Each structure stands twice: as structure tokens, then as C-alpha cells.
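Take a look at the structure set out below.
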Amino acid sequence: MFAISLGDDGAELCPLEPWQAEEFLSHMDRGREFIGQYNALPDVVTDLDSSRAFLRAYAEKTAADAGRLHGIRTDGKLVGAVLFRRFDVAQGVAEAGCWLEPSAAGRGLVTRAVRVIIDWAVEERGIHRVEWVVSAGNEPSIAVARRLGMTKDGVLRESYPYRGKRHDEEIWSVLAPDWRAHRTES
């Protein structure tokens, strides 16, 4: 399998595929409570069949050029992921997302990994706008959007029903010209 280095600390970005369902489930089990603070994925991936189904859905999205899923590994261990939940080349719009196990938080892994996938989307695939949809209470994810040079487009008030409560969602984005300018400055 191929991997893209995320820096000198040995972190790598790798594809996640259905044959890795057992490892993916173990990863989700390690981070279930932490990831589930703002992300419904731990409620979806609960056993080996649902793990395989989730990875298969992203393999199908990749084949249809409608999404992507990449694992973040440190020392060979899966600790998180970045993805394009939506990827529309015809419209030139994609939505990026992420999650991490608690052991991997605070090390800049998501920022570095999302930087790689946005760069690929903009430069290789011609995506014009990359969006970042985040719960208004998820300060670490909002900080990633800021570090990536994204602009806060607005707030969708109480738009996300999750675990019995409605949450505000913030929409952040970066446009291709702004991405290129920000990358040059960084």
C-alpha cells in the first residue's frame, strides 16, 4: 500500500479500504467516546459488518469519483482519518471532514492531512471550493479551518440533530485562489 508522509514524526496518510474493516473497527473502538462528541460515525460503525459497509461505501464513492477516505497513521497504527464526504468535480465543490482518536489529538495531524487532500483536490482535480462543516462547539475542528486559511461563511442554526439535541453547524470554506495564496504564505 502507498503512503504519503505528513512530516518528520513518521505520520502518514494512507487509503482506507474494505479489507481493513477489522483494523478500522478497532480504531473506532479506541476512540468511540472522543470521536462521538461531534461525529455520528461511532454510532454507525459498531461491529465488523458495519465497519466493512462504511469502508465499502467509501470505496464505491471513490470509484464513482464522489468521495475519498484516507487514514492517518502514526508508527503504522491507524489513529484517524480525513475524507471528502462530497466530491463534485462538475460543480467544482468538495466537503472535507476528519476525526482522530484522543491519543493523536493536538499534534497537527488533521491540519497536515487535510492540507494534502485539499492541495490534491485543487491542483490535480480542479476543485474550486472546499467546504468544512463543523459543530459550532467543536473548537479544535474550527481551529483547523482557521489554520487552513478557510473563511467562515455562516452558521446553520440548530441544523444538526445529534443524540437528542439540535446543534448549530458552522460552514467554512476555502476557494482555489485563496488556497494557493495561503499555501504560498505558509
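Straight-line reach from LYS165: which lysines fall under 30 Å, measuring Cα to Cα and dropping same-chain residues less than 8 apart?
Once the sequence-local lysines are set aside, what remains near LYS165 is LYS61, LYS152.
Under a 1.4 Å probe, what is the accessible area of the range 71-186 per residue, stated in Å²?
Values: 5550 Å² over 116 residues.
Normalised by residue count, the accessible surface of the range 71-186 is 48 Å².
Treat every Asp and Glu Cβ in the chain as -1 and every Lys and Arg Cβ as +1, leave all other atoms uncharged, and give the resulting dipole magnitude about the Cα centre to the nearest 20 debye. Write down the numbers at each step before the final one.
Working: 24 positive and 29 negative charges, 61 e Å.
The dipole of the chain has a size of about 300 debye.
Looking at (i) 1, 7, 13, 18, 19, 15, 12, 6, 4, 2, 1, 1, 0; (ii) 1, 9, 14, 21, 18, 13, 10, 7, 4, 2, 1, 0, 0; (iii) 1, 8, 16, 21, 22, 19, 10, 3, 0, which value of P(r) over Cα pairs in 5 Å bins from 0, in percent comes from a calculation on the structure shown?
Answer label, from the structure shown: (iii).
The values are calculated or read from the model by the stated rules, or taken from the named source; none is laboratory data. These numbers were taken from a predicted model, which means no experiment stands behind them. Because the Cβ atoms are built from the backbone with ideal geometry, glycine has one as well, and the counts that use them run over all protein chains shown. The accessibility values were calculated without ligands, DNA or RNA, using every heavy atom of the protein model including side chains. Shrake-Rupley method; radii C 1.70, N 1.55, O 1.52, S 1.80 Å.
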